[in-house]
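The structure appears right after this line, and notes come after that.
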Amino acid sequence: MRASVLNIIPRSARAKGVAVTVTIFLRALLNFMGLAALLPVLYLILDSDNIRSNAWLSRAYDYFGFQSEMNFVLCVALAVVLFIAVKCIINLLLYRAERDYIYSLYRYLSRNLYIDYYNRGLGYIKASNSAVLSRNVNVVCYTFVSGVLRPLAVLLSEAMLFVMLFGAIAIYNPMAALLTVAIFVPVALVYFYLVRQRVNKYGTIENEAHRRKFRDTVETYRGYADIEINNAFPAMLSEFDRNTDTMIDVGAKNATISTLPQMFTEIGLAAGMAIIVSLCVGLDSGSMKILFGIFAVAALRLMPSVRAIMGAWTSLRYNRYTVDIIASVDVDRPATVQDTTAECLNFEREIAVNDLTFCFEDSQTPIIRSLNLTIAKGEKVGINGRSGAGKTTLFNLLLGLYRPTSGTIMIDGQPLDDTTRRKWQNAIGYVSQSVFLTDSTILANIALGQSEQSIDMDRVAAAVEAASLGEFIASLPNGLNTRIGECGALLSGGQRQRIGIARALYKGAQVLFFDEATSSLDNQTEQSINEAIVRLARENERLTIIVIAHRESSLGYCDRVITLE
């Protein structure tokens, strides 16, 4: 069952949505009044010889005591201009309320999706494509408000105006109203019949091609070295061109469809005027001019309304896919960061793993089964084992990034669960094989997540020295303020690892986790990193260090080594 637009408007925003609907109605009413205000001018142009022939104009002429028809005509024209100007200003203010509401929904939905994806955890993120998630958060949410909500507002406004205009024409001349229906309704129905299925399909195709293209672009730049060495870029380029061609083809078809409303309505207008002329044959000249003029003004305004309705409907159908993507999140429950406490879990005795079992949701085979182990505070413990034995999975469990399928992890007798996870993570440091680095400065990466004003430079200096980064940073013209490029591209592997260590030390970690932190380094660099870790262990006997490594030589400084089978 496909979601509806209403399903992804948060309940908290629906009351304001009703108010915005009222502003849409008021805008339609003002536009109608603006057209009605032109009728006196139209009448004076078409029948200026006899102002007295119109009861309303005659009463106005007498009430305000005009003595000159020329002055009266000028005042009527000036009044109409002033009314139209005031109407446009009010219309603009009402439109701003509508616009602000729509873009506040964009902010809410985009933020909600961003946080919700993050809160789903490491397992979900690893199973998904980060480029697709990023596009959903940024592009799809914006497309929803610009390609669904805004066209929906246009459709409502123009439909209301159409009804008002049709009602006015029906009161003034039922024959003209019937003619309007006979012209514009079939035009709209034929249009909807011709494009309905095509637009739906084109929107879905365009979205899929855009997702693939976005993904391929990100992967190309991220994997440049491997792509270049393996001469894979021609294949990547071929896929890029294929998706681009699909987008161009679909875009061209949609562009053609977007021109059809104008063509259909112009043909309908021409046919309507021809019919009016034929119906007016035999009527006196004045009546014919008035009837034709009123129909022409109404039809010329109805034509863009019908065109706008058709275009809005097309956009709604074309961007319909965005509704289903956003509906995957519960919009009525504002996503929040699960725990933002800065408090640390005090670690004094031991980490106890009791009968721990873990398997992924899409698998029936446990990665870890009935594991028991204890790590005392101040211990230096190595973990090794064959590839696929569950070393990194165990780390992710100890880091609180995965939840055990069964069993427990106890920190000084407290279970590592949703109530203690954030406090535990505040107390630990993590250095992976590929240290996460932002495209910013060395300083910002060491004090990750902190504003520049809140960084403690003394702690930074101590962390830099302990991680053996001092000499390298001193050699840089901008020192700690040196930018390091995307993923630390301007640094060596050893420098990236040292920044990871400095980050863990800056936060005052009580437990350091090293996940294959030296496996991608050359022997000399690996040895220097290991020496830095040994020095840390020697200088702080209370510091607990847990290390994953394939090579036994990398675990020589450990008090004991646990082998996972």
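Can you give me the number of residues within segment 377-401 that are outside any loop (DSSP other than H, G, I, E, B) and touching a residue at least 60 places away in the same chain (Cβ under 8 Å)?
Final tally of qualifying residues: 12.
Kindly establish whether ASN445 is among the polar types (S, T, N, Q), touching a helix residue (DSSP H, G or I) at 6+ places or on another chain (Cβ under 7 Å) and either at negative phi or in the same structural domain as GLY556 (by TED's automatic domain parsing) (or both).
Here the answer is yes, as ASN445 does meet what is asked.
Which one is surrounded by the most Cβ atoms within 10 Å (Cβ to Cβ) among residues in segment 188-219 that are within 20 Å of ALA252 (Cβ to Cβ) and among the small types (Gly, Ala, Ser)?
GLY203
Name the helices (runs of 4 or more DSSP H) wholly within segment 443-551 that hold at least 2 residues that are at pLDDT 85 or above and farther than 30 Å from ASN384 by Cβ?
Where helices (runs of 4 or more DSSP H) fall fully within segment 443-551 and carry at least 2 residues being at pLDDT 85 or above and farther than 30 Å from ASN384 by Cβ, they are 457-466, 470-474.
How about segment 477-504: which of its residues are within 18 Å of ARG222 (Cβ to Cβ) and either of a type outside the set (Asp, Glu) or touching a Gly at 6+ places or on another chain (Cβ under 9 Å) (or both)?
Scanning segment 477-504 gives ILE484, GLY485, CYS487, GLY488, ALA489, LEU490, LEU491, GLY493, ARG496.
Do you know which residues across segment 117-127 are assigned to a helix (DSSP H, G or I) and either at positive phi or over 12 Å from the mean Cα position of the chain (by Cα) (or both)?
TYR118, ASN119, GLY121, LEU122, GLY123, TYR124, ILE125, LYS126, ALA127
What pairs can you find where one residue is in segment 324-336 and modelled with pLDDT of 80 or more, the other is surrounded by fewer than 12 Cβ atoms within 10 Å (Cβ to Cβ) and assigned to a loop (DSSP other than H, G, I, E, B), and their Cβ atoms are less than 9 Å apart, with a gap of 6+ or different chains?
Close Cβ pairs (under 9 Å, with a partner that is surrounded by fewer than 12 Cβ atoms within 10 Å (Cβ to Cβ) and assigned to a loop (DSSP other than H, G, I, E, B)) amount to ASP324/ARG2; ALA327/ARG2; ALA327/SER4.
Can you find even one residue in segment 350-372 that is in the same structural domain as GLU541 (by TED's automatic domain parsing), outside any strand (DSSP E or B) and among the aromatic types (Phe, Trp, Tyr)?
Yes, there is a match, as at least one residue in segment 350-372 is in the same structural domain as GLU541 (by TED's automatic domain parsing), outside any strand (DSSP E or B) and among the aromatic types (Phe, Trp, Tyr).
Name the pairs whose Cβ atoms lie under 7 Å apart, with the first residue in segment 495-517 and β-branched (Val, Ile, Thr), the second modelled with pLDDT of 85 or more and part of a helix (DSSP H, G or I), and 6 or more positions between them or separate chains?
The qualifying pairs are ILE499/ILE442; ILE499/ASN445; ILE499/ILE446.
Residue by residue through segment 399-411, note down the ones that are closer than 21 Å to LEU543 by Cα and at pLDDT below 90.
LEU399, GLY400
Check whether at least one residue in segment 255-270 is at pLDDT below 70, in a helix (DSSP H, G or I) and touching an Asp or Glu at 6+ places or on another chain (Cβ under 7 Å), and report yes or no.
Among the residues of segment 255-270, not one is at pLDDT below 70, in a helix (DSSP H, G or I) and touching an Asp or Glu at 6+ places or on another chain (Cβ under 7 Å), which makes the answer no.
Within segment 381-404, is even one residue more than 24 Å from PRO366 (Cβ to Cβ) and surrounded by fewer than 20 Cβ atoms within 10 Å (Cβ to Cβ)?
no
Name the single residue that is surrounded by the most Cβ atoms within 10 Å (Cβ to Cβ) among those in segment 418-442 being assigned to a loop (DSSP other than H, G, I, E, B) and either at pLDDT 90 or above or among the aliphatic types (A, V, I, L, M) (or both).
In this case the residue turns out to be LEU437.
Could you tell me whether any residue of segment 27-44 is part of a helix (DSSP H, G or I), of a type in the set (D, E, K, R) and modelled with pLDDT of 80 or more?
Scanning segment 27-44 turns up at least one residue that is part of a helix (DSSP H, G or I), of a type in the set (D, E, K, R) and modelled with pLDDT of 80 or more.
Name the one entry in GLU343, GLU361 that is closer than 23 Å to ASN540 by Cα and within 35 Å of the chain's Cα centre (by Cα).
After applying the criteria, what remains is GLU343.
The values are calculated or read from the model by the stated rules, or taken from the named source; none is laboratory data. In this text, all values refer to a predicted model and were calculated from it rather than measured experimentally. As a convention, Cβ positions derive from the backbone with ideal geometry for all residues, glycine included, and neighbour counts pool all protein chains shown.
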